[in-house]
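Report on one structure; see the data block that follows.
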Amino acid sequence: GAGVSQSPSNKVTEKGKDVELRCDPISGHTALYWYRQSLGQGLEFLIYFQGNSAPDKSGLPSDRFSAERTGGSVSTLTIQRTQQEDSAVYLCASSLTTGGGNQPQHFGDGTRLSIL
Amino acid sequence: AQSVSQHNHHVILSEAASLELGCNYSYGGTVNLFWYVQYPGQHLQLLLKYFSGDPLVKGIKGFEAEFIKSKFSFNLRKPSVQWSDTAEYFCAVTGSSASKIIFGSGTRLSIRP
């Protein structure tokens, strides 16, 4: 497709379970970002990939959160032992990078995660 | 600390009213500034951006924003709003070498038809 694709669109799971969220960026975009949007909050940066490496993991809230990217394309965000405070919309974005931080990011529709 | 402040959390206007949404940032060095919009049920999309040059930038749907470096501000404006402008608006900043983008908490705009 032409845009950033995220799956699943909705995920409901029990506290303590592990979840995997997937992001398929726009073809050719080398940069990939994960954000979290909690109810009534702005977007919270989680992690950024340039190719398959993650130069900036500073936003991951705890060691229960991890992410990987393979083949310079699809990325997976994993949350282990989920807690109720993990409930949020998880957004993925991608951009071209030529350096300079001036590339607009293109967002997916997000995954709405609900922890019971 | 790097941050973006949007002081208006919820703005309610009538159609044809003029709009100004405030955005102030705290970020050292050269900045790139963005406004993103999220219409109900849709994903975030870019409204306009400032990288360099003319500090008054024009975006889609009649929106514009002015970068005032001395005030660390990048306010969004529209002379006459429409009901279809109902959405949430996010201001964002990134640096000249950084790719991490910092978002404000958003402003919800409601337009009365």
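Coordinate-derived values only; no laboratory data. Please read these numbers as outputs of a predicted model, since none were measured by experiment. Using ideal geometry, Cβ is built from the backbone for each residue, glycine included, and neighbour counts are taken over all protein chains shown.
Using +1 on the beta carbon of Lys and Arg, -1 on that of Asp and Glu, and nothing else charged, what's the dipole of the protein assembly as shown about the Cα centre, debye to 20?
Value, rounded to 20: 120 debye.
What does the extension gain come out to for A:Leu96 and A:Thr70, with contour length at 0.36 nm per residue minus their alpha carbon separation? Write out the running numbers ahead of the final one.
On the way: separation 26, 0.36 × 26 = 9.36 nm, distance 1.70 nm.
The A:Leu96-A:Thr70 span can extend by a further 7.7 nm.
Could you state the per residue volume, in Å³, of the convex hull enclosing the Cα atoms of chain B?
Values: hull volume 11.0 nm³, N = 113.
Each residue corresponds to 97 Å³ of Cα convex hull volume.
Test of understanding: what is the full-extension gain from B:Ala17 to B:Lys69, defined as 0.36 nm times their sequence separation minus their Cα-Cα distance? Show your work: numbers first, answer last.
Numbers: separation 52, 0.36 × 52 = 18.72 nm, distance 2.71 nm.
This chain segment gains 16.0 nm when fully extended.
Restricting to DSSP loop positions (anything but H, G, I, E, B) with no more than 14 other Cβ atoms inside 10 Å of their own Cβ, which GluC sites (Glu not before Pro) remain in segment A:41-116?
Working: sites: A:Glu44, A:Glu68, A:Glu85; in loops: none.
Hits after loop and neighbour filter: nothing returned.
Considering the options B:Phe67, A:Thr82, B:Ile101, tell which one lies farthest towards the positive end of the dipole of the protein assembly as shown, charges being +1 on Lys and Arg and -1 on Asp and Glu at the Cβ, about the Cα centre.
Working it through, the farthest residue towards the positive pole turns out to be B:Phe67.
Extension gain A:Asp18-A:Leu39, at 0.36 nm per residue separation less the Cα-Cα distance, in nm?
Working: separation 21, 0.36 × 21 = 7.56 nm, distance 2.14 nm.
Computed gain between A:Asp18 and A:Leu39 is 5.4 nm.
Report the dimensions of the protein assembly as shown along its three principal axes from the alpha-carbon atoms, largest first, rounded to Å.
49, 39, 36
Report, in cubic angstrom per residue, the convex hull volume of the C-alpha atoms of chain A. Can you show the working numbers first?
Working: hull volume 11.3 nm³, N = 116.
Hull volume normalised by residue count: 98 Å³.
Using unit Cβ charges (K, R positive; D, E negative) and no other charged atoms, how large, in debye to the nearest 20, is the dipole of chain A about its Cα centre? Provide the component values of the computation, followed by the final result.
On the way: 10 positive and 11 negative charges, 19 e Å.
Charge dipole, chain A, about its Cα centre: 100 debye, nearest 20.
So for the protein assembly as shown, if I pair up every lysine 8 or more residues apart or on another chain, how many of those pairs have alpha-carbons under 12 Å apart?
Taking the Cα cut-off of 12 Å, the pair count is 4.
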